[in-house]
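Reading through the structure tokens given below for one structure.
Throughout, read-outs are computed from the coordinates displayed, never taken from laboratory work. None of these values were measured; they are calculated from a predicted model. Here Cβ is always computed from backbone atoms with ideal geometry, including for glycine, and neighbour counts include all displayed protein chains.
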Amino acid sequence: MGKPKVALWPGGEGGLQIFPANGGFRGVFMPEKTREQMHLIDTHAHLDMPEFEGDLPQVIQRAKEAGVSTIMAVGIDPASCRKAIEIAEAYPNVFAIVGVHPHDAAQVGESELDGLKTLARHVKVKAWGEIGLDFFRNLSPPAIQQERFRQQITIAKELKLPVVIHSRSATQETIACLREEKAGDAGGVIHCFSGDAKTAAQYLEMGFVISIPGVITFNKAQELRETVKGLPAEGMILETDAPFLAPVPHRGKRNEPAYVRLTAEAVAKIRGQDISDVAATTTKNACRVFN
């Protein structure tokens, strides 16, 4: 028997309201009065980082006030993954994602991966990541990055978890690994996407969704804006990557989950839609991926 489930769908003034449902499934009840409100999901935030140590409760409250009902707290190594789960345990509207970032690939071996597999069985863990390849900085040797990437795809498939993919200066290598390891069987997210329409189409064809960051508000992100304009509605979700990459007008400052609303506004303007439509679509897509 697999681990019990906790649904991602938002509800209630205090975030997710969990109740027992059929067969032990733990679902979420959304009160009538909240159903017409806009709900956004920040699918990628590093809430464990020192930038949030002094005011995390306020950060999460500001997110709620901005219409961000759910936040995915992402780990990058065993210590940060444990912290992400602790935060998810403390806040009903926060869920966790565990895995090893390519920067840390050389510091993690089989025993650490086994430990993460145990953590991943926690009821509030929704995906395995962020994993992938980063040949821009090469803080771990490329060969080791690829080995850990492939290992973690296998683990995610074993645990029936979607994957959250980091790819920087390694697009073709990332796509090759995903195809060879049949990562589409797990499904998941292309984190912090900034590429062109052709690259997005390759990821979509494999069954992944494109996660749109605040970068879309930057002056030099015209190619990304053109890509987003043509994405199928079912192929996109939103993220902050907080505390990094704050959208305009906060660029250069600490990013936080509340700012995912600015990204939603930018996407709505680019696609000629109302923000409520973008919120509804991207939230539905995130729930499909992470549930």
*In vacuum, with every alpha carbon of the range 249-291 counted as one equal point scatterer, what does the Debye formula give for log10 I(q)/I(0) at q = 0.22, 0.25, 0.26, 0.33 Å⁻¹? Two decimals, please.*
-0.79, -0.89, -0.91, -1.06
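Mind ordering 182-191, 164-173 by average Cβ neighbours within 10 Å, highest first?
Values: 182-191: 21.8, 164-173: 20.2.
Ranked by mean Cβ neighbours within 10 Å, highest first: 182-191, 164-173.
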_Quick check on my link table: of Lys157/Lys182; Lys124/Lys157; Lys160/Lys182; Lys220/Lys253; Lys198/Lys253; Lys229/Lys269, which ones sit more than 20 Å apart, alpha carbon to alpha carbon?_
Lys198/Lys253
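Could you give the length gained by full extension between Asp55 and Glu265, i.e. 0.36 nm per residue of separation minus their alpha carbon distance, to one decimal place? All intermediate terms of the calculation are to be shown ahead of the outcome.
Working: separation 210, 0.36 × 210 = 75.60 nm, distance 2.55 nm.
Result for the pair: 73.1 nm of gain on full extension.
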_Cα-projected label distance for Gln172 with Arg137, points at 7 Å along beta-carbon direction, nm_ = 2.5
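So how much slack lies between Glu158 and Lys182, counting 0.36 nm per residue of separation and subtracting their Cα-Cα distance, in nm?
On the way: separation 24, 0.36 × 24 = 8.64 nm, distance 1.22 nm.
Length gained, Glu158 through Lys182: 7.4 nm.
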*Any idea what the dipole of the range 59-102 comes to, in debye rounded to 20, about its Cα centre with Lys/Arg Cβ at +1 and Asp/Glu Cβ at -1?*
80
*Where does the Debye-calculated log10 I(q)/I(0) of the range 40-290 sit at q = 0.08, 0.09, 0.11, 0.14 Å⁻¹, using only Cα point scatterers of equal weight, no solvent?*
-0.26, -0.34, -0.51, -0.87
*How would you rank 272-279, 85-92, highest first, on the average number of other Cβ atoms within 10 Å across their residues?*
85-92, 272-279
*Which order do peptides 124-130, 145-151, 197-203 fall in by mean Cβ count within 10 Å, highest first?*
124-130, 145-151, 197-203
*Obtain the nm distance between the two label points defined at Glu89 and Arg288 by a simple spin-label model: each point lies 7 Å from its Cα along the Cα-to-C-beta direction.*
3.4
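Which FRET efficiency value, to the nearest 0.05, do you get for Glu65 and Gln273 by plugging their Cβ-Cβ distance into 1/(1 + (r/R0)^6) with R0 = 25 Å?
On the way: r = 23 Å, r/R0 = 0.92.
Efficiency at R0 = 25 Å is approximately 0.65.
Given the chain, what percent of its DSSP beta bridges are antiparallel, to the nearest 5? Could the numbers behind the result be given before it?
Values: 3 of 31 bridges.
So the antiparallel bridges amount to about 10 percent of the total.
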